[in-house]
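In what follows, a single structure is set out as structure tokens and then discussed.
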Amino acid sequence: DSVRLLAVDACVSIASLLQQEDVEQLVMPTLRQCAADQSWRVRYMVADKFTD
């Protein structure tokens with residue numbers, strides 16, 4: 001879980017540096033996978049970061 005939690009945080013940080021088209025192509029697939037993760041902590045982190 002801890003690696004996937006860090007991945008969510010890293011994706012959000014990377015997304016803030018990229019243009020919207022690049023975010024859709026490069027970052028969103030990983031975030032979508034994390035949003036469907038079996039761990040509730042990972043899903044919670046995705047939801048929490050999307051509201052920031």
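Here residue 24 clears all of (1) of a type in the set (Asp, Glu); (2) modelled with pLDDT of 95 or more; (3) in contact with a helix residue (DSSP H, G or I) (Cβ under 9 Å, 6 or more places away or on another chain) except the condition numbered (3). Here residue 31 fits the description: surrounded by 11 or more Cβ atoms within 10 Å (Cβ to Cβ) and under 12 Å from the mean Cα position of the chain (by Cα).
What number of residues within region 13-27 are within 16 Å of residue 47 (Cα to Cα) and either in contact with a Gly (Cβ under 6 Å, 6 or more places away or on another chain) or exposed (fewer than 14 other Cβ atoms within 10 Å of the Cβ) (or both)? Qualifying residue count for the region: 1. Of the residues in region 29-36, none is of a type in the set (S, T, N, Q), assigned to a loop (DSSP other than H, G, I, E, B) and without any contact (Cβ under 8 Å) to a residue 24 or more places away in the chain. Residue pairs whose Cβ atoms lie under 7 Å apart, separated by 6 or more positions or on different chains, with the first residue in region 1-12 and within 14 Å of residue 40 (Cβ to Cβ) and the second outside any helix (DSSP H, G or I) and not aromatic (Phe, Trp, Tyr), are 1/39; 4/37; 4/39. When you check residue 42 against the structure, is it at pLDDT below 95 and part of a helix (DSSP H, G or I), yes or no? No.
The values are calculated or read from the model by the stated rules, or taken from the named source; none is laboratory data. Keep in mind that this is a model prediction, so the values were computed, not measured. Note that we place each Cβ from the backbone using ideal geometry, even for glycine, and neighbour counts take in every protein chain shown.
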